[in-house]
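Following: one structure in structure tokens, then a few remarks.
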There are 2 protein chains.
Amino acid sequence: MADLNGKTAVIALGGNAITRPDREDTIANQFANTRKSLDGVVELIKAGYKMVISHGNGPQVGNAILRVELSRGKAPILPLGICVADTEGGMGYMIEQSLQNRLRAESVDRKVVTVISQVLVDYDDPQIQNPTKYIGQFYTEEEAARFTKERGWVVKKDANRGWRRVVPSPQPISVIEADIIKSLVESGTIVIAVGGGGIPVYIDEKGNLEGIDAVIDKDLASAVLGKQISSEILIILTSVDKVALNYGEKNETWIDQATVSEMEDYLRKGHFPPGSMGPKMNAAIQFIRDGGKQVIITSFENAGRALKGKAGTRILPD
Amino acid sequence: MADLNGKTAVIALGGNAITRPDREDTIANQFANTRKSLDGVVELIKAGYKMVISHGNGPQVGNAILRVELSRGKAPILPLGICVADTEGGMGYMIEQSLQNRLRAESVDRKVVTVISQVLVDYDDPQIQNPTKYIGQFYTEEEAARFTKERGWVVKKDANRGWRRVVPSPQPISVIEADIIKSLVESGTIVIAVGGGGIPVYIDEKGNLEGIDAVIDKDLASAVLGKQISSEILIILTSVDKVALNYGEKNETWIDQATVSEMEDYLRKGHFPPGSMGPKMNAAIQFIRDGGKQVIITSFENAGRALKGKAGTRILPD
């Protein structure tokens, strides 16, 4: 086994690690994209980091839901939690095997494993009464009304593009398998976990774990797991090299480094929109406020350089 | 944590643990069936066994393939290996959560985790040149010819019921994640692994792990994993209480106990047909020949009694 430097990192891979908008979405391309996205991850492993890898599942779970819909009456309906669990299996396998092959090729002796992850949420989370996360296909207003009645869905208008199902995206509280993940990580195993944000579960009136039709933000789930396993660093890999103030405007400014209080201030001032950098920054802030030492937000290509302080945006405690 | 007796068991749950032919195949029923099927497993856990749980995925992977087929052109085609990995996630979650709830209700302090499992096969396995395992739906002869040409499928006539795709069912050699599974099991964690027989992989000419369109018998995969983790006992849970000679005939005889050599003899004489008890007996024989101490084949209901020697069929070394 490689010499470990003792530090633990949680690396959250954005959806574009696996499905890229500019390439046809086939499984062969998903494997190819995954292999390429692992460059930065491999650098960190070679630097001796203990590691959890999490990943998004947006396009994959969207396709899973679409397949379930197109097979109604011919194959059992899968609830959203099972679709998420399925993607944890399929995508975990893809990332695991790609990483195993890379590590072997570079003579790095570290094991990799994929752990199916349930994430606890609060049944009284306001999102569960008032869901806001769009998933799946677009429908006509008539279909929307029918599915609300027949399937109990909540369907809302998504801008001017049509009607879509919305599901809750509640705040993650803890990862059920965190103790096991922690012991694996401490032994040097690289653990793929909380894929797609994890399978949302709550504790019912009898004290049982029970699934719920919801999705969890994968960066927030990664921050929560990071705290549970005492990770020093959370690395969020996405399609941009750095976080910007006034993104896309004339006075756009790239941030190299900021404290958590500064980022909270920028967030309040609207610099990080809900549909893009907002959720990542929320996760970054939560991780630092919960005791984390450092968050890096950068692109797949820059992960290794970012860790040496030569790229990316670094968020630090005050 | 409960007092462990030091013994390790691999328990292979048959497909009917989760999907029962006499009930509508909904996820709610799959959860209900799973909960009921765990009675015997829970007895073994309470007796202090360290444990791996494996499971079939026949109906589930059949439905996954059907959904992929019905969504052609609208969602990416998933290769068989990804479908198997998906079911390891979804079914693992279902079994894991059901077991966690049962253990909590009975105040048994044992952790449960689902590990996505790749299973190594030999690319030169004769099955890969000459596949024999039927999967998915029935087709007309015209469709069969078209899919052979367009999709490179091997399609064969399944008795008088129509044409079906056949895939290889190669011999499992080893489970890639076995070391990790072993260390988890030794620490008392109950590990759900090699679901559906595991994801078949081979080593390509560059030395990389690579998926292959195939399926692996879950009882054989369980026997192989059992050897790798030094399990003393393999328990195969199915729909019958015991193994029979002359099954279904007038001179039908139930077997309480037999040596591996006796069973090999019965197998040669045709007592265990390929479509039912044959694969289970092959797995049992392989497990004992590889150094295992005991195999029990029985029904879900009788698992606990069988371990006390009061039910089921026991296969022992010579």
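The values are calculated or read from the model by the stated rules, or taken from the named source; none is laboratory data. From a predicted model like this one, the values you see are computed outputs, not experimental measurements. Glycine gets a Cβ as well: all are built from the backbone with ideal geometry, and neighbour counts include every protein chain shown. Accessible surface is based on the protein model in full, side chains and every heavy atom, while ligands, DNA and RNA are left aside. Shrake-Rupley method; radii C 1.70, N 1.55, O 1.52, S 1.80 Å.
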Discussion item. Could you tell me the extents of the range B:156-234's C-alpha atoms along the three principal axes, largest first, rounded to whole Å?
Written reply: 50, 34, 16
Discussion item. How far, in nm to one decimal, is A:Asn208 from itself in the other copies if the label point is set 7 angstrom along Cα toward Cβ? Shortest first, please.
Written reply: 4.5
Fill in: Inter-label distance for B:Thr253 and A:Lys7, nm, one decimal - labels placed 7 Å from Cα along Cα-to-Cβ
7.0 nm
Discussion item. Please list, ordered by chain and number, the residues whose modelled amide H lies under 5 Å from the amide H of A:Gly312; skip anything fewer than 5 residues away on the same chain.
Written reply: none
Worksheet item: In whole angstrom, how long is each semi-axis of the equivalent ellipsoid of the range A:250-297, when you take the square root of 5 times every eigenvalue of its Cα gyration tensor and sort them from largest down?
Response: 18, 12, 10
Item to complete: In square nanometres and to one decimal, what's the mean projected area of the convex hull around the Cα atoms of the protein assembly as shown?
Response: 29.9 nm²
Worksheet entry | Neighbour-limited loop hits for chymotrypsin sites (Phe, Trp or Tyr not before Pro), the range A:1-106 (at most 16 other Cβ within 10 Å; DSSP other than H, G, I, E, B) | none
Worksheet, complete the sentence: Answer in debye to the nearest 20: the dipole magnitude of the range B:99-256 about its Cα centre, from +1 Lys/Arg and -1 Asp/Glu charges placed on Cβ, is 460 debye
Worksheet item: Got a sec? Charge dipole of chain A, +1 on Cβ for Lys and Arg, -1 for Asp and Glu; which of A:Leu4, A:Ser174, A:Ile229 is way out at the positive end?
Response: A:Leu4
Response to the item:
Ordering B:Ser276, B:Ser37 by the accessible surface of their heavy atoms, 1.4 Å probe, largest first, yields B:Ser276, B:Ser37
Worksheet, complete the sentence: Convex hull around the C-alpha positions of the range B:15-55: the volume in Å³ per residue is 62 Å³
Worksheet entry | Rounded to the nearest 20 debye, dipole of the range A:152-223 from Cβ charges on Lys, Arg, Asp, Glu | 540 debye
Discussion item. Could you compute how much accessible surface B:Trp163 exposes when probed at 1.4 Å, giving the result in Å² to the nearest 10?
Written reply: 60 Å²
Worksheet entry | Inter-probe distance in nm under a simple model that places probes 7 Å from Cα toward Cβ, at B:Leu66 and A:Thr140 | 2.8 nm
Worksheet item: Could you sort A:Leu209, B:Leu237 by accessible area so the largest value comes first, with the probe set to 1.4 Å?
Response: A:Leu209, B:Leu237
Item to complete: List the relative contact order of chain B as a percent without decimals, with contacts defined as Cα pairs under 8 Å and 6+ residues apart.
Response: 21 percent
Discussion item. Within 10 Å of each candidate Cβ there may be at most 11 other Cβ atoms; applying that plus a DSSP loop requirement, which trypsin sites (Lys or Arg not before Pro) in the range A:245-318 survive?
Written reply: A:Lys250, A:Lys269, A:Lys308, A:Lys310
Item to complete: Kindly report, to the nearest 10 Å², the accessible surface of A:Leu220 as traced by a 1.4 Å probe over protein heavy atoms only.
Response: 20 Å²
Item to complete: List the residues whose amide H sits under 5 Å from the amide H of B:Thr114, counting only those 5 or more places along or on another chain, with H placed 1.01 Å from N in the peptide plane.
Response: A:Ile116, B:Ile192
Worksheet item: Which of the GluC sites (Glu not before Pro) found in the range B:208-280 are in a DSSP loop and have at most 13 neighbouring Cβ atoms, other than their own, within 10 Å?
Response: B:Glu249, B:Glu252
Response to the item:
at B:Thr259 the sorted inter-copy label distances (label 7 Å from Cα on Cβ side), in nanometres, are 7.9
Worksheet, complete the sentence: At 25 °C and 0.890 mPa s, the Stokes-Einstein diffusion coefficient in µm²/s for the range A:26-108, with hydrodynamic radius from the Kirkwood sum on alpha carbon pairs, is 170 µm²/s
Worksheet item: Which of the helices in chain A meet the span-like rule: DSSP H, Cα axial reach of 24 Å or more, Kyte-Doolittle mean at least -1.0?
Response: A:80-105
Response to the item:
the range B:123-174 and the range B:289-306 have their Cα centres apart by a whole-number Å value of 32 Å
Worksheet item: Distance in nm between label sites at B:Ile77 and A:Lys133, each 7 Å beyond Cα in the beta-carbon direction?
Response: 3.2 nm
Worksheet item: In the full protein assembly as shown, how much of A:Arg67 is accessible to a 1.4 Å probe, in Å² to the nearest 10?
Response: 20 Å²
Worksheet, complete the sentence: Inter-copy distances for A:Ser187, label 7 Å out on the Cα-Cβ vector, sorted ascending, nm, one decimal, are 0.6
Worksheet item: If all Cα-Cα distances of chain B are sorted into 10 Å bins from 0 onward, what percent lands in each bin, rounded to whole numbers?
Response: 6, 26, 35, 24, 8, 1, 0
